[in-house]
Structures are given as C-alpha cells and as structure tokens.
Amino acid sequence: MKSLTRHGAVAASLVLVPAALVGQELYFQPKDGASLERTFTLELDLDLADADVTQMGEPVDPSEMFDGDTAIETKVEATIGDAVEKAVRGRVDKLVRTYGDFLVDGEAPEDFEERRVEFTWDAERGEHTLRLLDVDEPDADDEEFLMTVAEDLDHRAFLPEGEVEPDATWQVELGGAGLGDLVMPFMKFEGLEDLALSQAGDEDPEASEAVETVMDAVEEALAGVVLEVTYLGVAEDEGSGRRVGRCKIAIDFDTSVDLGQLLTDLAARQADRSGDESPTPTIELDVTLALEGEGEFTWDLEGHHMNSMSLPLDVEIGATGRLAIEIEGLGELEFIAGSITYGGTAELTQKVTAR
C-alpha cells in the first residue's frame, strides 16, 4: 500500500510539472478546413539625426533640403484571410487566401482591390501554383500581383528542428530577402526584385542593368543579417486562451554598402552607349544601416501555425557621399557632398486568429 501511495505521489508530481519546462516540438500543419485571420502592422518613425551637406561648396540648411519636414512617419496595416483546404507537416497543399484591407496611414491606395488567390502544391515542380480567383482573364496588373505574393506568412524559417526545451537558442540566417520578408511578410521580397527588374527592362535595358547591379550590392551587404531565437516555454495566449510556445527573437545588425564605384561605372557606360562626350561624374556613396531590437514570437500548439509576433526595432540609416565632375581647364567641380543620418524606431506586429 505504501508502495502504491509512493508511486501515486511520483505520478502526480510528474503531472504537475509545469508545461513550460517540458520539451516541445513546434511544427507547421494547420488543420484541414482551418480558417485563419491574419493582421499585420508596420509602424515606422524616423527623423533626421544629423546632416552636414554642402552644395557647390556652400553649407545647406537641412530644413531647406526637406522642405521643412524632416520626419518620416508611416503606418502600414493589412488583413489577410486563409481558408486551408489541405495541409501536411511543414507545408500547405491547398489554400485560398483573401487579401482584404490594406491601409497606408489609414487610407487604402487608389488602385487597391480585394483579391483571392488559390495556392496549390505542385509536387513535380516542387513549388506552389498560384491562381487568381474571380478573374476570368488576368491582366498585367494581376500577373504582377501574383509575382509578389508570398505563401509562407507564418515565418516557418524561425522554427527549430525537433523538440526544444526552455532556453534553447538557435539562429536564423535571414539575408536581404529574409529581412524583407520579416518586415513585409505578405509580400515576397524576391518577387519584388524580379518585378523591379522587369519593369526597368521594359522602359530601358540600361536601367535594368543599373537596378540589378545595385540590388546585388545591397544583397551582399545584407548577407549577414541573423535573427536569434530563444525558446521560453509554453504559456496561455491572453486573448484566445490557447496554448502557445513562446520564443524570444532578437536582431543586432549593422552594415554598409559602397555604391559609389558602381554608380560611377554605370554612368560612364551609359555615356559611352549614348555617345555623350560630357565629362563623366565621379560618384561616392556609402550607405549604412543598423538594426537592433528584441521581441516575441509565439506558436499555436493546438492549431500548429503562428500565433503572434511583436518586434520593436531601433533603426539608423545613413548616407555619406559626393558628386563631382572634372572639367578641363577648371579642375574638379564638386556639386554636392556630405552626410545624412536618420534615426528612430520601427515596430512589426502580427496576429493570427483561428476562426
């Protein structure tokens, strides 16, 4: 009897071990038939932190450069609805996504319209096929829209492999494309790059070359962007009461990209092609970016999809450069030179509600 009592006490103690202290597997597999409402918000608040600019050798008042308004404040909000028809572990096989409200500073863009897109997994190609619903004959705008939509809105790259216990930490290599997806997850960053190249090429093949050259340089500069994820344990979501896996997410990154020589070379090639014999400008331009912040990412353990994300960031963007032309008989003429630094905050928030 004492033995049974002792075993019962051990069993009870095991049951009472807090769920937050037990290993947990976070994986993606929404239930077939699930209806998910997703909300996204990006708030950006930057202002001029420092400026030292000269034009033709004379100091320039920063307020004159920006017509008296140096602040950059914007808020982007989006609502998206997912109707999951079929999902397997790690992938959706078929879903219909409704792109609902999209607001910039509280207003919808003039050309915005609600769209529904069907995502179907193509096993042979190893990717999703996209089809715009409610449209008999998609036009060029519809095709461009499909180029830029992303299937993964849950940040599945953040998930660990296998079970994790509290305090387990891993790193996610974002790079430029991943950073773009983090900031605007409902838009596919690589698709935006392809669209920009396509549009530039339609207008001017030389412009397409310039865009691609600059994009490659920026992508290389952002190659080292890493997100650190730390698993905190299981908790109850305050709004829904659902069990969620909590993770701390943190980013601390700074980089610079020298675009001066690239732009100088592009200007020289363009002059050669056009037969322009004017002096080629010398361009110096060094762009810097620093991001630092810590937030939370939660995963719905019942629905097996993202529950929420909140990531406040300190942001600093700077540019240092000069534009000059060597004129025969006069020497170098410096049109503009100096540096500008913007600083402030950005906040990214996402919430998924299962209906």
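Quick note: the coordinates plus some simple rules give every number you see, no bench work behind them. All values derive from a computational prediction rather than experimental measurement. Ideal geometry is used to build each Cβ from the backbone, glycine not excepted, and the neighbour counts take in all protein chains shown.
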Run the numbers on the range 227-335 and let me know its relative contact order in percent, using alpha-carbon pairs under 8 Å that are six or more apart. 26
Take every Cα pair under 8 Å in the chain that's 6+ residues apart, average their separations, divide by the length, and report that relative contact order as a whole percent. 21
Please find the FRET efficiency linking Gln171 to Ile72, where r is the Cβ-Cβ separation and R0 is fixed at 35 Å, and quote it to the nearest 0.05. 0.70
Computed lengthening from Glu220 to Asp61, 0.36 nm per intervening residue step minus Cα-Cα distance: 53.8 nm
Counting Lys +1, Arg +1, Asp -1, Glu -1, what net charge surrounds Leu174 among other residues with beta carbon under 12 Å of its beta carbon? -4
Identify which of Gly318, Gly224, Gly126 has the largest mean-square fluctuation in a Gaussian network model of the chain, with springs joining Cα atoms closer than 10 Å. Gly126
Translational D in µm²/s for the range 97-152 (Stokes-Einstein at 37 °C, 0.692 mPa s, Kirkwood Rh from C-alpha pairs): 258
Please report, in whole Å, how far the alpha carbons of the chain spread along each principal axis, starting with the longest. 108, 51, 37
Sorted from largest down, what three extents in whole angstroms do the Cα atoms of the range 29-174 have along their principal axes? 65, 51, 29
Mind checking which of Phe158, Phe297, Phe66 has the largest fluctuation in a GNM of the chain, springs on alpha carbons under 10 Å? Phe66
Just round it to a whole percent: the fraction of Cα-Cα distances in the range 257-313 exceeding 17 Å. 64
Contour minus Cα-Cα distance for Glu316 and Thr120 (0.36 nm per residue): 66.5 nm
What nm distance separates the two modelled labels at Lys86 and Glu190, each placed 7 Å from Cα along Cα→Cβ? 2.5
Convex hull around the C-alpha positions of the range 214-355: the volume in Å³ per residue is 145
Cα convex hull of the range 278-355, projected area averaged across orientations, nm²: 8.6
Net lengthening on full extension, Glu110/Arg355 (0.36 nm per residue, minus Cα-Cα): 85.2 nm
Given labels modelled 7 Å from the Cα in the Cβ direction, how far is it in nm from Arg273 to Asp139? 3.0
Dipole axis of the chain (+1 Lys, Arg; -1 Asp, Glu on Cβ), positive-most option in Leu26, Leu103, Val117: Leu26
Taking r as the C-beta separation of Val96 and Glu332 and R0 as 51 Å, the FRET efficiency to the nearest 0.05 is 0.25
Assigned charges on the beta-carbon of Lys, Arg, Asp, Glu; the chain dipole about Cα centre (debye): 3240
According to a simple spin-label model (label point 7 Å from Cα along Cα-to-Cβ), what is the distance in nm between Ala157 and Ser256? 2.6
